[in-house]
Amino acid sequence: MQQSNVYIVTFSVILTVVLGLLLSGTSQVLGPIQKKAVELDTKKQILGAVLEASELSKMSGEEVFAYYDKRISSKVVNIKGEEVEKDEDGIAIIPENVDIGRNYKRKPEDRLYPVFMFLAENGEDVESFIIPVYGAGLWDAIWGYVALETDLTTIKGVTFAHASETPGLGARITDASVQARFQGKRIFDESGELQSVNMQKGEGRDYSDDAHKVDGLSGATITAVGVNNMLKAYMSHYSAYIQKRRSGESGGMAVLN
Amino acid sequence: MSTETAQVTEVKKPAEALLSKRRKKLLSDPLVDDNPITIQVLGICSALAVTTQLQPTFVMALSVIFVMVFANLTISLLRNTIPSRVRIIVQLAVIASLVTLVNEVLKAFAYDMYKELSVFVGLIITNCIVMGRLEAYALGNKPYDSVLDGFGSALGYAWIILAVAFFRELWGSGSVFGVPVFDQISGLFGDDFSLATNGLMVSPVGAFIILGLIIWVQRTKTGYVEH
């Protein structure tokens, strides 16, 4: 028996409404939990630049939030290093909610640049500055956070992530052992020029005497170059802020802390 | 009212056992003799894509089991009301809704897994096994049988992708469920000893090779030949 057109249309409408309600109901219920999961993920990544991965994985979600609230203070600056508090519509900007990937699509001058300050136990002195970076790997986006010591040039730690680098090759940028290679390297040279830190071609050489070079990734040179470009670009975008912050301190403006 | 894929309605028997011989076959057939991946060669795409590591594969397997069981159940419950001219769209709508549900739940409760699997969960919609079972079975059979059929087929899919993932993770990354087995084994033999991992295994090519070997072994044992 062929069903009538009316039957088919009615059936389709009812099905659509039922499934639509089911899905929108689910997203209503799960929405807040998802938002929290995304927030936790961002905060974990930020903390990952200063904490050991093993230490971080031991913390429960609640502990991460509490630790973050206590130890991280954040703000947003623009390319000139000036603090930005409100967006074009006058709505207050929350640094954690600034989407680095979306900002990456704008011109560097128009982007928002969040800075996360890792505070000492007392909750006042800044121990390190955490700066988000974003760029292109071989296949897709790569991003991460770079933690700088208070001299704003020595790298305290980095954490990298990627969308779809080759597992076992480019994807190794997420390995703790690869990220550890960046520790103690310097962004600026003695004269204050931006040198950034560059992964070299090939792997297995010792670059401990060169403050601007790190051992490369064998078989993943393009990803390594992507990391280099990403670091260099973002360090130059943040250099105005870094200079400002530095001159402020040498000028005896301890208030900045 | 019947559908285009008309099935002979079974003669009413007085209460068939919950797991009668016929029903057990529904469950066990897709595991080996009529395996969706190795015999029907369906769902290869996801079998290649997600199987580099065991953990995401495991989540993927669970998701497919959930989607198949509930899609089969829903379609079977609605089988007498679904207009045959739009049945494919109806099946798709049901599958898509279930997959979206899985995706949302993963995003809320297992965000790391959600990030890792991302598009592949969405691609369950296009997994031919799911729609194949709806079209071939659920549209013409009772709900309970359809659930068993869906569960069986999903298990058949699950164990194959888990087997592929086991070998790919072991040989490609030297670990099992994230535990660095190779490192521990080489640790037993001193510092100079190390087991090399094979980069081929982490690329889709590795999955093809493993899958091919599994099919070979299976067909040698069962004597199955394609006609």
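The values are calculated or read from the model by the stated rules, or taken from the named source; none is laboratory data. Note that this is a predicted model, so its numbers are computed, not measured. Neighbour counts are summed over all protein chains in view; Cβ atoms, including those assigned to glycine, are modelled from backbone coordinates with ideal geometry. What goes into the accessible areas is simple: the full protein's heavy atoms, side chains included, and nothing from ligands, DNA or RNA. Shrake-Rupley method; radii C 1.70, N 1.55, O 1.52, S 1.80 Å.
Rounded, prolate or oblate: pick one for segment A:37-256, where a ≥ b ≥ c are the square roots of the eigenvalues of its C-alpha gyration tensor, a/c under 1.5 means rounded, and failing that, prolate if a/b is larger than b/c, else oblate. Mind dumping the intermediate values first?
On the way: a/c = 1.39, a/b = 1.25, b/c = 1.11.
Here segment A:37-256 falls in the rounded category.
Per-residue mean of other chain beta-carbon atoms within 10 angstrom of the beta-carbon, peptide A:15-21?
On the way: counts 9, 1, 0, 2, 9, 2, 0.
Other-chain Cβ atoms within 10 Å of each residue's Cβ, averaged: 3.
For segment B:30-35, just list the computed ³J(HN,Hα) in residue order, Karplus coefficients 6.51, -1.76 and 1.60, θ = phi - 60°, integers in Hz, with x standing in for Gly and Pro.
Each residue's phi maps through the Karplus curve to give x, 5, 10, 4, 10, 4 Hz.
For the protein assembly as shown, which whole percent of the accessible surface, found with a 1.4 angstrom probe, sits on carbon and sulfur atoms? It would help to have the intermediate numbers written out before the result.
Numbers: 14870 of 24660 Å².
The C+S portion of the solvent-accessible surface of the protein assembly as shown is 60 percent.
Ballpark to the nearest 100 Å², how much total accessible area do B and A bury together, probe 1.4 Å? Before the final figure, lay out each step's value.
Numbers: alone 12460 and 14320 Å², together 24660 Å².
That pair of chains buries around 2100 Å² in total.
Could you pull out every one of the lysines with an alpha carbon less than 22 Å from that of A:LYS70, ignoring same-chain neighbours closer than 8 positions?
Correct list for A:LYS70: A:LYS35, A:LYS36, A:LYS43, A:LYS44, A:LYS58, A:LYS156.
Averaged across the residues of B:105-112, what count of C-beta atoms belonging to other chains lies within 10 Å of each residue's C-beta? Write out the running numbers ahead of the final one.
Values: counts 4, 2, 8, 12, 4, 1, 10, 4.
That works out to 6 on average.
List the residues whose amide H sits under 5 Å from the amide H of A:VAL84, counting only those 5 or more places along or on another chain, with H placed 1.01 Å from N in the peptide plane.
Sorted by chain and number, the residues that satisfy this are A:VAL76, A:VAL77, A:ASN78.
State the Cα centre-to-centre distance between segment B:168-206 and segment B:115-130 in whole Å.
If you average the Cα positions of each part, the centres end up 28 Å apart.
Just A:LYS70, A:LYS232, A:LYS35 to compare: in a GNM of chain A, with alpha carbon springs under 10 Å, which one fluctuates most?
Taking springs between Cα atoms under 10 Å, the residue moving most is A:LYS35.
Averaged over A:157-164, how many beta carbons belonging to a partner chain fall within 10 Å of each residue's beta carbon?
The shielding value for this peptide is 1.
When the dipole is taken about the Cα centre of chain A, and only Lys, Arg (+1) and Asp, Glu (-1) are charged at their Cβ, what size is it in debye, to the nearest 20?
Numbers: 27 positive and 35 negative charges, 132 e Å.
Value, rounded to 20: 640 debye.
Could you calculate the FRET efficiency of A:VAL17 with A:ASN122 from 1/(1 + (r/R0)^6), where r is the beta carbon distance between them and R0 is 51 Å, rounded to 0.05?
Details: r = 58 Å, r/R0 = 1.13.
Taking R0 as 51 Å, the efficiency between A:VAL17 and A:ASN122 is 0.30.
Give the long-range amide H neighbours of A:ASN198: residues separated by 5 or more places, or on another chain, with amide H under 5 Å away, using H modelled in the peptide plane at 1.01 Å from N.
Here A:LYS213, A:VAL214 satisfy the definition.
If you average 1/r over all unlike Cα pairs in chain B and invert the result, what Kirkwood radius do you get in angstrom? Show your work: numbers first, answer last.
On the way: mean 1/r = 0.0524 Å⁻¹.
It works out to 19.1 Å.
Anyone know which of B:ILE37, B:ILE209, B:ILE160 comes out most mobile in the 10 Å Cα GNM of chain B?
In the Gaussian network model the winner is B:ILE209.
Which of these, A:LEU23, A:LEU138, A:LEU148, has the largest mean-square fluctuation under a Gaussian network model of chain A (Cα springs below 10 Å)?
Top of the fluctuation ranking is A:LEU23.
Once fully extended, how much extra length lies between A:TYR7 and A:GLN243, figured as 0.36 nm per residue of separation less the alpha-carbon to alpha-carbon distance?
Values: separation 236, 0.36 × 236 = 84.96 nm, distance 7.15 nm.
My answer for the length gained is 77.8 nm.
In segment A:63-111, which GluC sites (Glu not before Pro) are in a loop and have at most 13 other Cβ atoms within 10 Å, using DSSP for the loop call?
Working: sites: A:GLU63, A:GLU82, A:GLU83, A:GLU85, A:GLU88, A:GLU96, A:GLU109; in loops: A:GLU82, A:GLU85, A:GLU88.
Filter output for segment A:63-111: A:GLU82, A:GLU85, A:GLU88.
Report the chymotrypsin sites (Phe, Trp or Tyr not before Pro) located in segment B:141-174 that are in a DSSP loop and have at most 10 other Cβ atoms inside 10 Å of their Cβ, or state none. Kindly include the intermediate steps, with their values, before the conclusion.
Values: sites: B:TYR144, B:PHE151, B:TYR157, B:TRP159, B:PHE166, B:PHE167, B:TRP171; in loops: none.
Answer by residue number: there is no such site.
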